[in-house]
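Only one structure is covered here, and it is reproduced in the block below.
Laboratory data are not the source of any read-out in this text; all were calculated from the coordinates shown. The model shown is predicted, which means the values in this text are computed figures rather than measured ones. Neighbour counts are summed over all protein chains in view; Cβ atoms, including those assigned to glycine, are modelled from backbone coordinates with ideal geometry.
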Amino acid sequence: MKEFKLLKFLDKYKGIYDKFGVDYEKMRLILKIKLTMDERRVPAIMKNNSKKKEEKNVFVKSLLFYAFMGLFMGIITFISTNKMYVYTMTFAIFMFIVLSVFIADFSSVLLDIRDKNLISIRGVDNRTINAAKITHICYYVFSISLAIGWLAIIGSFKSGILTGIVFLLELIIVSAFMIVITALLYLLVLRFFNGEIVKDIINYVQIILSITMTIGYQFVGQVFELSDLKIVYQGKIWHLLFPPMWFSAPIYIIEGGNLSKIITLLIICACIVPLVSVIIYFKNSNKFELYLSKLNNNDSNEKERKKGIFFKLGKQFCKSSAEKACYSLAYSTIKREREFKLKVYPTLGFIIIFPLFSMLLLSHFSIYFFVVMVPSIMLTLQYSEFYKAAWIYKTTPLINEGDIFKGVYKAFLFTMIMPIYVFESIIFILFLKINAVPHLIIALLFMSALIPITHKASKFSFPFSDEFRAANGGAGLFILFLSLFLVGAGAVLHAVLGMKMVLLIVYGIGLIGLNYTLWKNLKPKVS
Amino acid sequence: MDNKILEIKDLTKSFGEKEVLRGINLEVNKGEIIGYIGPNGAGKSTTVKIILGLLDYSDGVIKVFGKDIRDGNGAYKKRIGYVPEVAELYESLTAKEYLTFVGELYGLSEEVSYKKAEAMMNLFDIGNCMHTRLSACSKGMKQKIVLISSLLHNPDILFLDEPLSGLDANSVMIIKELLSNLAAQGKTIFYSSHIMEVVEKISHRIVLINNGTIVANGSFDELKKNSKEGSLEDIFNQLTGFDKHKEIAETMASIINEV
């Protein structure tokens with residue numbers, strides 16, 4: 001373990017901790033352990049390209065990444081239009097990033113129940129443990145804030161010393177506000193729900209974060225065009241509901257804006273709300289510890305939920321009992337396993353949005369942008385957080401190992417891909433009218449045939465039997481090229497045959513036949 | 001000097017509506033090995049967690065080393081060693097990092113903790129795992145590390161909850177021998193387990209808890225005399241009012257045969 005700079009820095013302020021009755025040496029020790037563990041943890045934002053090489057500096061790397069994002073946010077502050085809009089946007093982006101990062105990466109710190117079991121039984125008092133927790137969280141949030149806000153801070157000082165100071169001060173308040181808001185959010189959720197739901201909420205936030213990051217970059221350019229407009233700020237009462245507005249109001253005044261009634265109210269909000277939330281938090285922080293023990297409670301009975309129509313439809317296509325069993329297994333895993341969802345759902349968001357961009361240009365053919373991604377998602381079916389459980393395939397004497405794959409692929413097609421395909425189709429039909437329907441059906445049949453073809457062409461291991469790693473680039477790339485080639489060919493064929501309705505119908509019947517043969521003869525390709 | 005190390009009076013605890021402990025009364029003397037047994041869900045772990053301050057309790061008095069545990073800021077815990085049933089660990093740390101951390105929490109210096117931990121790990125034959133991350137350790141290795149972490153600071157009371165789970169027969173012998181050794185030195189051991197043979201052998205006194213109350217408290221010989229049963233297992237069955245194991249097993253066997 002190395003010595004951390006933070007700890008050396010804190011050593012100078014030992015007196016403050018002593019004054020609050022904190023056992024400084026113990027707190028320092030706990031912090032040291034926590035920081036060591038954090039170095040070995042991979043932040044959600046870096047998860048996609050995490051190779052298991054050196055563990056060091058993951059945090060520093062993610063800070064650089066945040067600093068890069070801060071570049072886009074910071075540029076806004078150099079625009080010399082209406083400051084109210086400029087800083088509202090800055091704070092909105094800032095709050096969004098800090099809050100998401102915090103929920104995605106530091107929930108584990110906030111919700112760590114091991115602390116109680118491991119540390120408090122060693123005779124360390126709660127005050128010291130809490131001091132360590134707060135210091136730990138503040139350190140991270142403030143370094144992340146600084147990484148994101150660096151250019152914006154420069155920009156604000158360029159506008160004026162006072163603006164800069166107020167902006168800096170507000171960044172600190174906003175960061176603290178975000179910590180408290182997250183904590184209160186958990187307090188609320190834990191109050192009413194059990195631990196499993198809390199974990200699900202964290203999972204969904206992580207997924208949304210990934211999607212927004214991916215899509216966000218496509219829009220950065222457009223954001224700037226919007227902000228070039230020279231608008232005079234008009235106070236509206238609903239602005240009070242929009243926290244970034246509270247914090248930009250003081251800067252607006254410094255920069256020479258008019259002090260209207262709304263602006264005054266906004267400034268009051270900026271001062272009062274964070275303060276009140278901090279007070280509420282500290283009044284309830286004892287309960288927090290109490291509710292936290294809920295996370296450990298495993299009395300959460302999964303409710304036997306009603307299976308959806310897609311599930312029932314897909315099950316009709318399963319024949320042997322082994323196939324049906326694997327179908328249900330895959331359905332539950334896809335729905336429930338958090339690690340799997342974190343890896344796959346962002347891509348799903350992507351394939352919903354991507355075809356819509358090109359729809360107006362390519363008409364119904366842009367649905368093939370959807371189809372082309374399916375083999376890549378299929379690749380992930382091999383992986384699971386609980387990959388070790390796959391021994392069960394080996395110890396059960398299944399008559400036909402192909403049934404395992406059939407069941408899982410059918411679950412994949414019917415319960416994961418179909419619902420969003422139907423959703424996508426509805427949007428297509430709304431824009432392209434009813435004429436699009438036959439084409440969408442053809443693409444669906446093609447997509448369904450693509451699954452066994454991909455399986456035949458590549459060497460997949462048993463479903464959910466391998467560890468999530470940085471996707472072994474080779475196989476992923478191969479599948480992507482294969483699918484680009486096949487889907488490209490399919491789209492051309494569709495375009496040619498689509499010129500006459502009769503030909504299209506014949507093509508459709510041909511695809512159904514193809515599907516039947518391919519799925520029937522799906523065999524394992526395990527060495 | 002008072003010989004009583006631990007005193008529990010009328011301890012009750014409820015989780016919401018459910019009453020888990022319904023008036024526990026217990027006194028433990030210095031140098032005793034107490035076998036704390038009972039069916040699943042009887043309240044064994046709950047009692048231990050309450051003594052360690054991991055759970056709050058509804059009513060009653062608990063005195064450790066003659067002092068109420070609600071007084072003071074938990075300093076008494078420095079003289080306690082604890083092996084929980086399911087030990088959570090900071091798994092991204094190495095064995096060395098974890099053990100020195102625990103030692104330092106108890107107030108030992110880093111060097112002393114390391115020296116002690118290393119010596120014990122060598123004796124347990126896991127010295128070569130000193131720099132392995134805990135996530136990569138096997139169940140038995142982790143259990144040994146948890147045991148070591150509970151002993152580093154030379155505690156006066158040990159609370160052990162299934163301490164032998166995952167250990168091989170040789171290590172089990174070491175631990176058993178170690179426990180009687182420690183008791184002879186005047187340390188108190190609170191041993192809770194489902195393996196009756198072990199409890200029968202090592203305990204000076206056996207405390208049986210059922211439905212949140214103590215239903216038996218005495219040496220193995222005393223219990224045997226009272227219940228006229230031969231083994232602790234039989235006594236356990238009798239006192240917990242369980243005599244259907246044959247019928248249940250028969251029904252199960254017939255269900256298995258149905259397919």
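With the simple spin-label model, which puts each label point 7 Å out from Cα in the Cβ direction, the A:F192 to B:E91 separation comes to 3.3 nm.
Convex hull volume of the C-alpha atoms in the protein assembly as shown, normalised per residue: 210 Å³.
Of B:K176/B:K244; A:K14/B:K44; A:K34/B:K78; A:K306/A:K406; B:K30/B:K201; A:K287/B:K44, which sit over 30 Å apart, Cα to Cα? Don't skip to the answer; put the middle values down first.
On the way: B:K176/B:K244 32 Å; A:K14/B:K44 41 Å; A:K34/B:K78 22 Å; A:K306/A:K406 23 Å; B:K30/B:K201 19 Å; A:K287/B:K44 25 Å.
Cα-Cα > 30 Å for B:K176/B:K244; A:K14/B:K44; rest within.
Rounded to the nearest Å, what's the spacing between the alpha carbon centres of the range A:422-458 and the range A:503-525? Just the number, please. After rounding, the separation between the Cα centres reads 14 Å. Taking square-rooted eigenvalues a ≥ b ≥ c of the alpha carbon gyration tensor, is the range B:1-46 rounded, prolate or oblate, where a/c under 1.5 means rounded and, failing that, a/b exceeding b/c means prolate? Judged from the Cα gyration tensor, the range B:1-46 comes out oblate (a/c at least 1.5, b/c at or above a/b). The modelled label-to-label distance between A:T81 and A:A495, using points 7 Å beyond Cα along the C-beta direction, is 3.9 nm.
Take the Cα radius of gyration of the range A:374-527 and divide it by 2.2 N^0.38 Å, N being the number of residues; the result is 1.16. Within the same chain, aspartates and glutamates fewer than 8 places from A:K456 are excluded, and of the rest, those with a Cα less than 17 Å from its Cα are A:E401, A:D403.
Can you pull the mean other chain C-beta count within 10 Å for peptide A:120-132?
Numbers: counts 6, 14, 18, 14, 8, 5, 3, 1, 1, 0, 0, 0, 0.
Taking all residues of A:120-132 together, the mean is 5.
Fully extending the segment from B:S231 to B:L123 would add 35.5 nm, taking 0.36 nm per residue of separation and subtracting the current Cα-Cα distance.
Shown here are the Rg and Dmax of the Cα trace of chain B, at 19.7, 66 Å.
For A:I280 and A:I173, the FRET efficiency from 1/(1 + (r/R0)^6), where r spans their Cβ atoms and R0 equals 22 Å, is about 0.90.
A crude spin-label estimate for the pair A:F20 and A:V273, with each label 7 Å from Cα along the Cβ direction, gives 2.6 nm. Rounded to 0.05, the FRET efficiency of the B:E19 and B:V61 pair, given R0 = 22 Å and the Cβ-Cβ distance, is 0.75. Residue by residue along B:49-60, Cβ atoms of other protein chains within 10 Å of the local Cβ number 2 on average.
Using the Cβ-Cβ distance between A:F431 and A:I161 with R0 set to 60 Å, the FRET efficiency from 1/(1 + (r/R0)^6) comes to roughly 0.70. Stokes-Einstein diffusion for the range B:1-125, with the hydrodynamic radius set to the Kirkwood value over Cα pairs and evaluated at 25 °C in a medium of 0.890 mPa s, equals 146 µm²/s. Protection proxy ranking of B:184-195, A:508-519, A:5-16, by the mean of other Cβ atoms within 10 Å over each peptide's residues and highest first, is B:184-195, A:508-519, A:5-16. Per-residue mean of foreign Cβ neighbours for B:86-94 is 5 (Cβ atoms of other chains, 10 Å radius).
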